[in-house]
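To keep things clear, I will list the structure first and then write my remarks on it.
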Amino acid sequence: QVQVVESGGGLVQPGGSLRLSCVVSGSTLNYYGIGWFRQAPGKEREGVSCISSSDGTTYYADSVKGRFSISRDNENTVYLQMNRLKPEDTAVYYCVADRLYSGCTVNGGTLRPPLVASWGQGTQVTVSS
């Protein structure tokens, strides 16, 4: 089985930065596309970012483009660097591994959750003064 664990959430002031980590166990990152989703209270789950394990292709939602950056190491960790954070970024952030494809699933310009997925437990990000 594939296990996904997120960390790095916390409280940060508007304009600040935070880096989330996603550790994927059970295999190497070469096997899976890794995505970040978030869900704020009263809102639907939103696809934030994704990185392909096959060619390194990345995706960013329009709401975070230019502020967030996704990356991976050579082993088992994917990072989401979040800069110039806004209160509307407040949400629980979930890391997900696509167990079927090594790329990202984007339809109509929107990142879609994998059909066969391993989800992390979520990490809370709160942007507030």
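The values are calculated or read from the model by the stated rules, or taken from the named source; none is laboratory data. The model shown is predicted, which means the values in this text are computed figures rather than measured ones. Note that each Cβ is placed from the backbone with ideal geometry, even for glycine, and that neighbours are counted across all protein chains shown. What goes into the accessible areas is simple: the full protein's heavy atoms, side chains included, and nothing from ligands, DNA or RNA. Shrake-Rupley method; radii C 1.70, N 1.55, O 1.52, S 1.80 Å.
Quick one: would you say GLY103 is out of contact with any Cys (no Cβ under 7 Å at 6 or more places or on another chain), part of a loop (DSSP other than H, G, I, E, B) and open to solvent by less than 50 Å² (accessible area, probe 1.4 Å)?
yes
Any residue in the stretch 1-25 that's farther than 16 Å from VAL96 by Cβ: show its pairings with residues that are surrounded by fewer than 16 Cβ atoms within 10 Å (Cβ to Cβ) and at pLDDT below 95 at Cβ separation under 9 Å, as long as the two are six or more apart or on different chains.
From the stretch 1-25, the pairs are GLN13/SER129; PRO14/SER129.
Within the set of pairs 6+ apart or on separate chains, which have a first residue in the stretch 56-85 that is more than 15 Å from GLY9 (Cα to Cα) and surrounded by 13 or more Cβ atoms within 10 Å (Cβ to Cβ), a second that is among the hydroxyl-bearing types (Ser, Thr, Tyr) and modelled with pLDDT under 95, and C-beta atoms under 8 Å apart?
Going by the 8 Å Cβ cut-off, the qualifying pairs are THR58/SER52; ARG72/SER53; ASN76/SER25; ASN76/THR28.
For residues in the stretch 106-123 being among the polar types (S, T, N, Q) and either touching a helix residue (DSSP H, G or I) at 6+ places or on another chain (Cβ under 6 Å) or over 17 Å from VAL78 (Cα atoms) (or both), which is least open to solvent (accessible area, probe 1.4 Å)?
Per the stated criteria, the residue is THR110.
Within the stretch 69-100, restricting attention to residues that are closer than 13 Å to ARG19 by Cβ and assigned to a loop (DSSP other than H, G, I, E, B), which residue is modelled with the lowest pLDDT?
The selected residue is ASP73.
With respect to ASP89, is the statement that it is open to solvent by 30 Å² or more (accessible area, probe 1.4 Å) and of a type outside the set (Ser, Thr, Tyr) true?
It is false that ASP89 is open to solvent by 30 Å² or more (accessible area, probe 1.4 Å) and of a type outside the set (Ser, Thr, Tyr).
Within the stretch 70-83, is there a residue that is more than 10 Å from the chain's Cα centre (by Cα), among the charged types (D, E, K, R) and more than 26 Å from GLN1 (Cβ to Cβ)?
Within the stretch 70-83, none of the residues are more than 10 Å from the chain's Cα centre (by Cα), among the charged types (D, E, K, R) and more than 26 Å from GLN1 (Cβ to Cβ).
Tell me yes or no: at least one residue of the stretch 37-53 is open to solvent by less than 60 Å² (accessible area, probe 1.4 Å), on the phi > 0 side of the Ramachandran plot and at pLDDT 95 or above.
No, that holds for no residue.
For TYR31, indicate whether it is within 20 Å of PRO114 (Cα to Cα), open to solvent by 50 Å² or more (accessible area, probe 1.4 Å), out of contact with any Phe, Trp or Tyr (no Cβ under 7 Å at 6 or more places or on another chain) and aromatic (Phe, Trp, Tyr).
yes
Scan the stretch 58-65 and give yes if some residue there is of a type in the set (Phe, Trp, Tyr) and part of a strand (DSSP E or B), otherwise no.
Taking every residue of the stretch 58-65 in turn, at least one turns out to be of a type in the set (Phe, Trp, Tyr) and part of a strand (DSSP E or B).
Out of the residues in the stretch 91-129 meeting the condition of being under 21 Å from GLY26 (Cβ atoms) and free of Cβ contacts under 8 Å to residues at least 24 places away in the same chain, tell me which one is nearest to the chain's Cα centre (by Cα).
ALA117
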